[in-house]
Amino acid sequence: MGRDLSVISYDGINEGAYARPGLTTYSVDHRAAGAALVDLLVEQLHGSAPETLRKLVSADLIGRESAGPYIGC
């Protein structure tokens, strides 16, 4: 793992640091995601919701040994 195959989780779990090899993960700010969801809901309730219900929230990539370098395939 980390050479021929990369494994990446999405939940930002701290336990990934203790796995062998260490688990690469995306850590999402759940508070910001929840706030964005509430904003969309309030907009929808007031009849001013956008056509697309998509909001982007930032996420941090915590790189560990379970993901190898990008080769450009």
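Among 48, 27, 58, the residue with the largest mean-square fluctuation in a Gaussian network model of the chain, with springs joining Cα atoms closer than 10 Å, is 48. If R0 is taken as 22 Å, the Cβ-Cβ distance between residue 32 and residue 8 corresponds to a FRET efficiency of 0.60.
In deg cm²/dmol and to the nearest 500, what is the mean residue ellipticity at 222 nm of the chain if only DSSP H runs of at least 4 residues count, each as -39500 (n - 2.57), divided by the residue total?
It comes out at -7500 deg cm²/dmol, rounded to the nearest 500.
Running Debye on the stretch 8-62 with equal point scatterers at the Cα sites and no solvent, what base-10 log of I(q)/I(0) appears at q = 0.15, 0.16, 0.19, 0.31 Å⁻¹? Summing over Cα pairs of the stretch 8-62 leads to -0.55, -0.59, -0.69, -1.14.
Taken together, the values in this text are just the output of simple stated rules run on the coordinates, not laboratory data. Please read these numbers as outputs of a predicted model, since none were measured by experiment. Here Cβ is always computed from backbone atoms with ideal geometry, including for glycine, and neighbour counts include all displayed protein chains.
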